[in-house]
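The numbers here are math on the coordinates, done by the rules we state, and not lab data. None of the values given here were measured: they were computed from a predicted structure. For neighbour counting, all protein chains shown are included, and Cβ atoms are generated from backbone atoms with ideal geometry for every residue, glycine included.
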Amino acid sequence: MDMADLDQIKIRKQDKLIVNEAYKRGVRFENISDKRFRMSYGNQSYIVRNGNVRDSSSTPLAIRVIKMKDVTSRILRNRGYNGIENTVFDHKDLVRAWYWASTILPVVLKPASGKLGKLVYVNINNYEEFKKHFEKIARKYTDILVEKYIEGEEYRFTYLNNQIITINRNIPAHVIGDGEQTINELIAFKNKEREKSPVYKKIKVNKESERILSYQGYNIESVPEMNKRVFVRKTSNLSTGGEAIDVTDDISEDIKEHVRKAINSIKGIFLCGADVLISGDKPYIMEINSLPGLLTDDYLEEEKPRHVIKKVVDEMFPETVEGK
């Protein structure tokens, strides 16, 4: 199969980078069906389903487990690692969910199967807010995750074949005041700069951003003082306008080892991204994603590239590594 044939195969955007790197090294591709193809080199072979190269080398059982956020947290906590206390409730079970949440306030509400930081509400500490956001999520999802809110900084650990290869500090969507422009104008300027970015998404203004602004004493037309950082989101996902800073060399070896061992305790994970909240010097694993975003690691501005795509192919097909 040549490159022209590869273009006809359904492959997710980020996974095309892995495919291109593998193709350059002589990895063979075989189209099996509309939704499956095989990648092989020497004795190593992977079946790729639905264009997801990133999870093709993890076991189906491991992928099923980590998709269930509450199950993952329970497994980690039972094995002595720091998972965040949480429970999943049916979308019609507001009363029982609030009864459980009221004992551990403040809490976070989000879809049990949600992605990209959508419909995530943090630091909820009263019934009125809890009910409003629970019902908002319930309009789109049948299962809702309620978890204890812990103050700290969020990081994304990229795990590959029993190694932590990169760590990014995730910063929620924000603007920096200049003493002249409104928050709305600062957001518009930042969004314009991001039009050419392969990584960062535009910041959207909605009711959630207005809620976060009001907590800080602002509204969308406020003019923040010079160098004042004003947050527009509380969650730090890049998909909701957040930013990432490479801190791989700055995180302590103890924390790296705790996270590595925790992920490794769930057998069958080859590649994943772990969202970790660090409070003081204690890491809490919030969730594990079998389809980690890899673009960030190689395209962060003003940071040294980590060559994550090459490392993934190195581990998938070690015989293609020069010198081996």
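Over the residues of the chain, compute the C-alpha Rg and express it relative to 2.2 N^0.38 Å.
1.06
P(r) for the stretch 1-86, please, calculated from all Cα pair distances in 10 Å bins and given in %.
Going out from 0 Å in 10 Å bins, the stretch 1-86 shows 16, 40, 20, 18, 6 percent.
Looking at this model, which pairs from K67/K310; K228/K282; K110/K140; K16/K310 are more than 19 angstrom apart at the alpha-carbon?
Beyond 19 Å between Cα atoms: K67/K310; K228/K282.
If the elastic network links every pair of Cα atoms under 10 Å, which of Y284, Y155, Y99 fluctuates the most in the Gaussian network model of the chain?
Y99
Obtain the radius of gyration and the Kirkwood radius of the stretch 10-59 from its C-alpha atoms and give Rg over Rh.
Rounded to two decimals, Rg/Rh equals 0.92.
With runs of 4+ DSSP H residues as the only contributors, calculate the mean residue ellipticity of the chain at 222 nm using -39,500 (n - 2.57) per run, divided by the residue total and rounded to the nearest 500.
Only helices count here, giving -8500 deg cm²/dmol.
So how do 58-66, 237-245 stack up, highest first, on mean other-Cβ count within 10 Å?
So the order, starting with the most tightly packed, is 237-245, 58-66.
Restricting everything to alpha-carbon atoms, can you work out Rg to Rh for the stretch 106-157 with a Kirkwood hydrodynamic radius?
0.97
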